[in-house]
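The next block holds one structure in the form of structure tokens; read it before the comments.
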Amino acid sequence: MNARERRPAGELTAQEKTTVNRILSAILRVPSVEIEGGNLLRDDLGMDSVQAIECLAVLEKELRLVVDPERAFDVKTVDDLYTLLRTSARQAQEP
Amino acid sequence: MSLRCAFITGGMGLLGINLVVELLRTTTARVVVLVREFSDEKRAKFMQDLRAFGAGSWSQGVEGSRIELVGGDVAKPGLGLSPDLRDRLAPEIDRIYHAAALIKLMGHEGEVFATNTEGTRNLLDFAVQCRERGRLDAVVHVSTAAVSGDRQGTILERELDAGQHFNNPYEKSKFDAERIVETYRSGGLNVLVMRTSAIVGTVAEGTTNNYNMFYLLLRFLSEGVFEHIPIPTEAHFNLVPVDAAAKAIVMISHAAHGGSGNFHVVNPHEINVRHLLESVSGYLGVPKPRFEAGDGVAFHSFEGMRGALLHVFYPYLTNRKRFDMRNTNAALNGQPFEWPRIDDALVRRLLDFCFDSGYLRRRREGRHETRAHHA
């Protein structure tokens, strides 16, 4: 089994932000161009509890992060989501 | 005894609506359905689901004469019924089907116990009134095979408390509800406990109006979030299509003649978990998870959000329990009933319904896009 090495959290790259918006768009069925940082995930974008978990699980996989489930409760807006992902530990890339 | 009036809780739910269908189809009884936050919209939704699950000429015009929807809440004392309504209904009810439950494997702990445990107590109090004032012969209490918690091996129908621990508050709430049932049985109330396994959509079409546990698993599998899951080779899933479960429960309740007993309403035809996940992944067009055999899984390689999710599903993915069905088999003996086989074709029908309903989103690539070519 490959050891997983944690790298410090850092800024999301532009590509990663695009990935986040793409995944939000696909799961919430909202056009990507309509997703803005200040959007409330539940009230503006219609996210329900299952979609919230789904988004975080998919983003965790796509961005190779380790997201603390306890911190998910604090995520209310898209900007909050960026912050959560930005401050989550990254997994090392597998060889 | 000819059933004249059945009272159902949870009638808007997947199993509940199918119990209504089955009672309408096989008896001449009037069916009274307890609906929480009753409204015109809920009535319309109920009738829409009734037609979706019970389509057929027998159902034409039936609602006006045989179905009564009443507002109430199992989580409230007296089921939240007005005194006038309670006084009118109690003498009329022959049998109660208690299917109301909150199936949440994550969070909502307070609501889960309020609905599942205290709700059962409130329901049984009402049942006692029905028995004292009228002709109630039995309560049919829909429970779950998961009251067995973390037990393994063979689970007997007559067993409840074997010192097991529970994987989530839902399982504990249903166990506690059965403990309450035992108390009321001691007081002379007839209660038939139906412990079902995971309920899924109908046999022929995969129709469902609820997307609990098994469907949540499908949802996350469809996103490919589970890259590897340690699963014993012999682990199996027990799935019961809802129409089969409803048919079995109603048949058993008639055959039991108002007595008491526990019944495992589980499918004797199970599906291997690894095979199921491979089959589902293939149809969804996502890489299948890697399987690593063995118990005592350490999740150090699977942390964060996905690790938390896997913790929720893991007890059900590694199930090796066997459920004794002696009472169920005796009650169904000689009746026109067959347990449906859970094969790849049925699983595909369940998935196709999920795509059509929008519960699962279609991808641009993937074999499920070619589902029209499947039989």
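Values as computed for the structure displayed
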| read-out | value |
| --- | --- |
| Subset of the range B:20-33 (residues that are open to solvent by less than 90 Å² (accessible area, probe 1.4 Å) and under 15 Å from B:Asp94 (Cα atoms)) | B:Val20, B:Leu23, B:Leu24, B:Thr27, B:Ala29, B:Arg30, B:Val31, B:Val32, B:Val33 |
| Only one of B:Tyr170, B:Tyr184 that is more than 20 Å from the chain's Cα centre (by Cα), crowded, with 21+ Cβ neighbours inside 10 Å and away from every other protein chain (no Cβ under 14 Å) | B:Tyr184 |
| Extreme residue, surrounded by the fewest Cβ atoms within 10 Å (Cβ to Cβ), among residues of the range A:70-89 that are of a type in the set (Val, Ile, Thr) and under 11 Å from A:Leu12 (Cα atoms) | A:Thr87 |
| Residue match in the range A:24-44 (condition: of a type outside the set (Asp, Glu), modelled with pLDDT under 90 and closer than 28 Å to B:Glu227 by Cα) | no |
| Selected residue (criterion: farthest from A:Gln15 (Cα to Cα)) from residues of the range A:40-69 that are at the interface with another protein chain (Cβ under 9 Å from one of its Cβ atoms) and among the charged types (D, E, K, R) | A:Asp68 |
| Which listed residue, of B:Glu111, B:Glu92, is of a type in the set (Asp, Glu) and either at pLDDT below 95 or under 19 Å from the mean Cα position of the chain (by Cα) (or both) | B:Glu111 |
| Total residues in the range B:253-283, condition at positive phi and open to solvent by less than 10 Å² (accessible area, probe 1.4 Å) | 1 |
| Residue match in the range B:217-229 (condition: part of a loop (DSSP other than H, G, I, E, B), surrounded by 22 or more Cβ atoms within 10 Å (Cβ to Cβ) and either of a type in the set (Val, Ile, Thr) or under 15 Å from the mean Cα position of the chain (by Cα) (or both)) | yes |
| Unmet criterion (only one of (1) open to solvent by 20 Å² or more (accessible area, probe 1.4 Å); (2) part of a helix (DSSP H, G or I)) for B:Leu79 | (1) |
| Condition check for B:Pro230: within 14 Å of chain A (Cβ to nearest Cβ) and farther than 16 Å from B:Lys321 by Cβ | yes |
| Residue within the range A:62-79 that is assigned to a loop (DSSP other than H, G, I, E, B), among the polar types (S, T, N, Q) and either within 13 Å of the chain's Cα centre (by Cα) or on the phi < 0 side of the Ramachandran plot (or both) present | no |
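The values are calculated or read from the model by the stated rules, or taken from the named source; none is laboratory data. This is a predicted model, so every value here is computed, not measured. Quick reminder, even Gly has a Cβ in these numbers, built from the backbone with ideal geometry, and neighbours come from all protein chains shown. Surface accessibility is based on the protein's heavy atoms, side chains included, excluding ligands, DNA and RNA. Shrake-Rupley method; radii C 1.70, N 1.55, O 1.52, S 1.80 Å.
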